[in-house]
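Let me begin by presenting the structure, written as structure tokens, before commenting on it.
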Amino acid sequence: MIKVVKLKASIPPGFVKAAARELRKNRLLLKSGTKLKFGAYLDPIAKIQLNEIFSRKCAFCESVIAGTQPGDVEHYRPKGKVILDGAVGPVQPSKPGYHWLAAKWSNLLISCADCNRPRTQPDHDHVNRVIGKANFFPLRKEASRAKGPASLWLEEPLLLNPCIDDPDEHLVFLDDGRIEPAKVGDDLSEKGRATIRYCGLARSELLQMRARHRRVVMAAIRHIVAAIECDNDPGADLDDLLSMLSPSEPYVAFTRSLVREHLMDYLGSLKLDAL
Ligand SMILES: [Zn+2]
């Protein structure tokens with residue numbers, strides 16, 4: 001997970017008006033106790049724009065979406081309902097969602113199905129669990145959950161938002177690709193811990209993908225180190241590594257971590273602005 005800049009200028013033409021229209025209709029439905037309808041966020045141009053902004057990668061796990069799956073337009077704050085923390089079983093206690101944010105540009109991300117949809121998947125310990133952000137949106141204090149836009153600022157979300165938070169401050173990678181909450185002061189980051197848990201950032205298949213990615217990155221690093229130690233130009237290997245450090249590449253947060261760990265002593269002789 002990396003920080004991503006989402007400019008207001010990226011909002012597709014007509015999207016804000018369509019969102020406002022939908023919100024007006026939903027307010028009427030809400031008053032009459034009828035189920036709300038959401039569709040404005042499914043604007044195909046919006047999805048194209050979001051895919052561009054997130055470089056066709058999942059906003060949470062950085063897996064490539066393009067060419068493998070359509071990708072989900074994900075609501076950071078769930079639109080319909082919020083499943084409360086610890087809810088398991090057929091009856092899950094819930095609260096109303098953030099309907100007024102259903103087509104709010106700042107609330108939309110792109111996610112892979114595995115991070116977003118609740119599915120049974122092998123977790124880091126190979127035990128099958130239901131993993132996926134789904135309609136979870138944990139807060140530091142449940143009592144502060146907003147019932148409308150005016151009280152949104154009181155919330156302290158526990159899920160990282162890549163357009164607001166710096167994931168580097170909350171997540172750390174171990175050398176083998178495992179992920180853990182970072183230390184914040186004397187404690188471990190609550191946001192890091194919750195994001196790993198709800199988005200399944202330590203799920204088994206994702207760990208395998210990162211382990212594969214590590215082999216490619218480490219091959220480049222080894223060749224670069226060998227070249228530097230022999231006073232040779234690292235040439236194409238350095239070019240390869242710089243490409244893998246581009247924010248548009250998969251698992252770039254992990255790549256950055258590997259470079260810091262294994263190239264730190266050589267950084268002086270390399271120009272790695274990407275770090
Ligand atoms: Zn993902």
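A few remarks follow.
- Shape of segment 8-202, Cα gyration tensor, a/c cut at 1.5: prolate
- Compared with the alpha-carbon gap, the fully stretched path from Leu28 to Glu142 is longer by 38.3 nm at 0.36 nm per residue.
- Full extension of the chain between Asp231 and Glu156 gives 21.9 nm of extra length, using 0.36 nm per residue less the Cα-Cα distance.
- The order of Arg24, Arg77 by accessible area, most exposed first and with a 1.4 Å probe, is Arg24, Arg77.
- To the nearest ten degrees, helix 44-53 and the longest principal axis of the Cα atoms of the chain are 30 degrees apart.
- Rounded to the nearest 500, the helix-only mean residue ellipticity at 222 nm of the chain stands at -10000 deg cm²/dmol, with each DSSP H run of n ≥ 4 adding -39,500 (n - 2.57).
- Global form of segment 205-269, assessed from the alpha-carbon gyration tensor, a/c cut-off 1.5: prolate
- Per residue value of the accessible surface for segment 8-202 (all protein chains in place, 1.4 Å probe), Å²: 53
- Amide H to amide H distances under 5 Å link Leu188 with no residue, where only residues 5 or more positions off or on other chains count and H is placed in the peptide plane.
- Counting DSSP beta bridges with both ends in segment 8-202, the antiparallel % (nearest 5): 95
- Here the accessible area of the chain is 55 percent carbon and sulfur, with a 1.4 angstrom probe and all protein chains present.
- When all protein chains stay in place and ligands, DNA and RNA are ignored, the 1.4 Å accessible-area order of Asp123, Asp166, Asp240, Asp231, largest first, is Asp231, Asp240, Asp166, Asp123.
The values are calculated or read from the model by the stated rules, or taken from the named source; none is laboratory data. Values in this document were obtained by computation on a predicted structure and should not be read as measured data. Just so you know, the surface numbers come from the protein's heavy atoms only, side chains and all, with ligands and any DNA or RNA stripped out. Shrake-Rupley method; radii C 1.70, N 1.55, O 1.52, S 1.80 Å.
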